[in-house]
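The values are calculated or read from the model by the stated rules, or taken from the named source; none is laboratory data. Keep in mind that this is a model prediction, so the values were computed, not measured. Cβ sites come from the backbone with ideal geometry, for glycine too, and all protein chains shown count toward neighbours. The accessibility values were calculated without ligands, DNA or RNA, using every heavy atom of the protein model including side chains. Shrake-Rupley method; radii C 1.70, N 1.55, O 1.52, S 1.80 Å.
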Amino acid sequence: MERHRWLPLEANPEVTNQFLKQLGLHPKWQFVDVYGMDPELLSMVPRPVCAVLLLFPITEKYEVFRTEEEEKIKSQGQDVKSSVYFMKQTISNACGTIGLIHAIANNKDKMHFESGSTLKKFLEESVSMSPEERARYLENYDAIRVTHETSAHEGQTESSPSSSQPHCSHCRTKASSLCHHASLPWVKRNHVDPAKATSPSLRLRRWRPFLRLPSLGLHSVAPNIDEKVDLHFIALVHVDGHLYELDGRKPFPINHGETSDETLLEDAIEVCKKFMERDPDELRFNAIALSAA
């Protein structure tokens, strides 16, 4: 039975950076848009990168894969370093915030916190807790909840009824997300037939960072807190030489193999490609990267 529900956040660097600033994180590191998978588009992302946040649709295909993946890992095992900070998600519409916590907590040594930082205090107080205990602790951590709600109200947008652009919900029930709108305008401007743009390269180039433009018929409005949505948000981080997928809906982190500070972005994007390949007919993918400012 769901006990807690928050408003979803956007996959919008402006919103996420302001949210983290309000939680007391110094802007030495900032979230930026990832425009696509191609090398020339990845080269636009400032380096170094210490985390990637992925927004993706929760579909039947994905849920089948998630169940099979969990059973396989439980059967075969995997190596997960004890230094990985991981927490479960028990709050509906909170995976945007949980993804940000995962990104910062697993790069805490790189971050600069302001005096009295709410986020630093939460991380220090929860460091010795289990993933389940961290989830329960967040449920009652009003300082983060209030900041989350403020950021959600400031950033949320939806398509107006007159808009011709497709509109995606913000996240799935039990799993908040950062908002993304489908990016067919990129395809039209670049003369790519949507029916033919099925390769991972072209498909991710249909990604488009969230835009709040009157020409797209968008306007700012906070969604209903009870809105049922089907997009979800995860973090990809580097800890002790390995790339981990951190998803509060899953029972444990997923080890995706070796990585380094220098190759994290490219390695994380390879994981993103697999998400897209599992749902080749889906458009609703978006990513932002935590980069040195």
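Name every residue in segment 250-293 that is in a loop (DSSP other than H, G, I, E, B), of a type in the set (G, A, S) and out of contact with any Asp or Glu (no Cβ under 9 Å at 6 or more places or on another chain), in order of residue number. So that I can check it myself, show each step before the final result.
So the first thing to find is which residues in segment 250-293 are in a loop (DSSP other than H, G, I, E, B), and the list is 250-253, 259-263, 279-285, 293.
Filter once more, so that each one left must be of a type in the set (G, A, S): 260, 293.
Once the filter is applied, which keeps residues that are in a loop (DSSP other than H, G, I, E, B), of a type in the set (G, A, S) and out of contact with any Asp or Glu (no Cβ under 9 Å at 6 or more places or on another chain), segment 250-293 yields only A293.
Could you count how many residues in segment 228-249 are open to solvent by less than 30 Å² (accessible area, probe 1.4 Å), closer than 13 Å to G99 by Cβ and outside any strand (DSSP E or B)?
Selection size over segment 228-249: 2.
I'd like to know if segment 189-212 contains one or more residues that are modelled with pLDDT of 95 or more, over 28 Å from Q76 (Cβ atoms) and assigned to a loop (DSSP other than H, G, I, E, B).
The initial filter retains those residues of segment 189-212 that are modelled with pLDDT of 95 or more, namely none.
Among the residues of segment 189-212, not one is modelled with pLDDT of 95 or more, over 28 Å from Q76 (Cβ atoms) and assigned to a loop (DSSP other than H, G, I, E, B), which makes the answer no.
What are the residue pairs meeting all of these: first residue in segment 62-82, first residue more than 20 Å from V239 (Cβ to Cβ), second residue part of a helix (DSSP H, G or I), Cβ atoms under 8 Å, and 6 or more apart or on different chains?
Short answer, once both residue conditions are applied: Y62/F275; Y62/R278; F65/R278.
Name the residue that is surrounded by the most Cβ atoms within 10 Å (Cβ to Cβ), counting only residues in segment 254-285 that are farther than 21 Å from I73 by Cα and of a type in the set (S, T, N, Q).
Residue satisfying both the conditions and the ranking: T263.
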